[in-house]
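Colleague: Next up is a structure, given as structure tokens.
The values are calculated or read from the model by the stated rules, or taken from the named source; none is laboratory data. If you're wondering where the values come from, they're calculated on a predicted model, not measured in any experiment. For neighbour counting, all protein chains shown are included, and Cβ atoms are generated from backbone atoms with ideal geometry for every residue, glycine included. For the accessible areas, the whole protein counts, side chains as well, though only heavy atoms, and no ligand, DNA or RNA atoms are used. Shrake-Rupley method; radii C 1.70, N 1.55, O 1.52, S 1.80 Å.
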Amino acid sequence: MASGRSEFEFIAWMRRHATPHPRVALGIGDDAAILPTEAGKLLVTVDMLMEGVHFTLPPARPADVGRKALAVNLSDIAAMAGRPLAAVLSVALPRTYGKEFARELHRGLLELADEFGVAIAGGDTNSWNGPAVISVTLLGEATERGAVLRSGAVPGDWIMVTGALGGSLGGAHLTFRPRVEEALVLHGRASLHAMIDLSDGLSSDLPHILEESGVGAVLDESAIPISEAARNASDGRPPLDHALGDGEDFELLFTVAPSDGQALLQSPPFALPLTRIGEIVEGGECRLRRDDGTLVPLAATGWSHNF
Ligand code: ADP
Ligand code: MG
């Protein structure tokens, strides 16, 4: 696990140096960018998967890699409560892997694209003597209710999460289902104040909402839903550590007014579990309420690319 934060420091640097453009409503800093068009608001997001960092072959099969490359982007559109539309992709194929590798990779991607009604609108194919790399750019659209940003959380909000967290390396990081439909249903049923998808781990992704919204949070240790995989992990780390830091859960983390949160829990909008895990508070701190009631700072233990 990386201890530095150079990925996020670098993104902050880039954010300061990129000149604001009048046609870009929301640029660097959220799960997707927002470009207003005459037809509405276009969402744009890109993510790259690199062999040796995001996957290894095996255990991942080529089709898993293609699928995941699109799935992580679908998760970012879900995090804005948007509808996915079309994708373009770039691949760097190792020369020794052969044509069937390329086809399998693309088959995995095409299958998920069909499932979510995403058009594959184009791409770029390259070969080299390095490892396999695939980058997918996904376009989506905001609904009539607008996109949900990271920046709308207010003190008093409930913090809620879909599904169960941790242990994704056991396999879920390749097979997860992006929460696109769930996000749209939630957006229809409640006023979502802020939302992010859990790609780097709860303890790293929640601070993005806190920073963008200018608020703090208290998470209830006993409320955090822990996955079977995290409970069964045999590496000696407590299941809670896995749930807080593993990353690649690709669940939705969002905040709502308590009345909306209560309504969601009273009549669950879908089969996937929904859990209240804490509340938004004043200040900028992220803290964990232990079972005995004591409050401890929550350190970001999730993933960061360091360089
Ligand atoms: P996510 O995990 O949701 O994909 P990231 O942490 O990768 O989000 O990125 C956060 C924000 O920073 C996004 O708005 C993304 O577009 C932007 N970003 C990341 N890397 C760069 C870069 N090298 N140049 C410009 N923007 C970047
Ligand atoms: Mg994201």
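Colleague: Does residue 28 qualify as being without any contact (Cβ under 8 Å) to a residue 24 or more places away in the chain, open to solvent by 40 Å² or more (accessible area, probe 1.4 Å) and over 28 Å from residue 169 (Cβ atoms)?
Modeller: Yes.
Colleague: Checking residue 70 against (1) open to solvent by 20 Å² or more (accessible area, probe 1.4 Å); (2) not in a loop (DSSP other than H, G, I, E, B): exactly one of these is not met. Which one?
Modeller: Tallying (1) open to solvent by 20 Å² or more (accessible area, probe 1.4 Å); (2) not in a loop (DSSP other than H, G, I, E, B), residue 70 fails exactly one: (1).
Colleague: Take residue 115 and tell me if it is more than 27 Å from residue 36 (Cα to Cα) and open to solvent by 40 Å² or more (accessible area, probe 1.4 Å).
Modeller: When the stated conditions are applied, residue 115 does not pass them.
Colleague: Hey, another quick one. Output the residues belonging to region 73-93 that are touching a helix residue (DSSP H, G or I) at 6+ places or on another chain (Cβ under 8 Å), more than 16 Å from ligand 1 (Cβ to nearest atom) and under 20 Å from residue 61 (Cβ atoms).
Modeller: Listed by number, the residues that qualify are 91, 93.
Colleague: Condition test on residue 15, is it open to solvent by 30 Å² or more (accessible area, probe 1.4 Å), of a type in the set (Lys, Arg) and within 16 Å of ligand 1 (Cβ to nearest atom)?
Modeller: Answer is yes for this residue.
Colleague: Just give me the residues in region 71-103 being more than 25 Å from residue 206 (Cβ to Cβ) and in contact with an Asp or Glu (Cβ under 9 Å, 6 or more places away or on another chain), in sequence order.
Modeller: Of everything in region 71-103, those that are more than 25 Å from residue 206 (Cβ to Cβ) and in contact with an Asp or Glu (Cβ under 9 Å, 6 or more places away or on another chain) turn out to be 83, 85, 88, 89, 90, 91, 94.
Colleague: Sticking with this structure for a sec: Which ones in region 174-192 are surrounded by fewer than 22 Cβ atoms within 10 Å (Cβ to Cβ) and not aliphatic (A, V, I, L, M)?
Modeller: 175, 176, 177, 181, 182, 188, 189, 191, listed by residue number.
Colleague: Among the listed residues 95, 103, 61, which satisfies the condition of being open to solvent by 60 Å² or more (accessible area, probe 1.4 Å), under 19 Å from residue 168 (Cα atoms) and charged (D, E, K, R)?
Modeller: Only one candidate qualifies: 61.
Colleague: Kindly indicate the residue of region 31-41 that is open to solvent by 20 Å² or more (accessible area, probe 1.4 Å) and within 14 Å of ligand 1 (Cβ to nearest atom) and also modelled with the highest pLDDT among those meeting that condition.
Modeller: My answer is 33.
Colleague: Please pick out the residue among 11, 34, 77 that is touching a Gly at 6+ places or on another chain (Cβ under 6 Å) and either β-branched (Val, Ile, Thr) or in a strand (DSSP E or B) (or both).
Modeller: 77
Colleague: When you scan region 150-213 for helices (runs of 4 or more DSSP H) that lie fully inside it, which ones turn up with 3 or more residues that are away from ligand 2 (no atom under 16 Å from the Cβ) and closer than 21 Å to residue 235 by Cβ?
Modeller: Because the criterion is at least 3 residues that are away from ligand 2 (no atom under 16 Å from the Cβ) and closer than 21 Å to residue 235 by Cβ, the helices (runs of 4 or more DSSP H) in region 150-213 that meet it are 172-175.
Colleague: Consider residue 24 carefully, then state whether it is in a loop (DSSP other than H, G, I, E, B) and either more than 22 Å from residue 149 (Cα to Cα) or at pLDDT below 85 (or both).
Modeller: no
Colleague: Give region 185-203 a look and list any residue that's farther than 19 Å from residue 265 by Cβ and either touching a Phe, Trp or Tyr at 6+ places or on another chain (Cβ under 7 Å) or more than 16 Å from ligand 1 (Cβ to nearest atom) (or both), or say none.
Modeller: Those that are farther than 19 Å from residue 265 by Cβ and either touching a Phe, Trp or Tyr at 6+ places or on another chain (Cβ under 7 Å) or more than 16 Å from ligand 1 (Cβ to nearest atom) (or both): 197, 198, 199, 200, 201.
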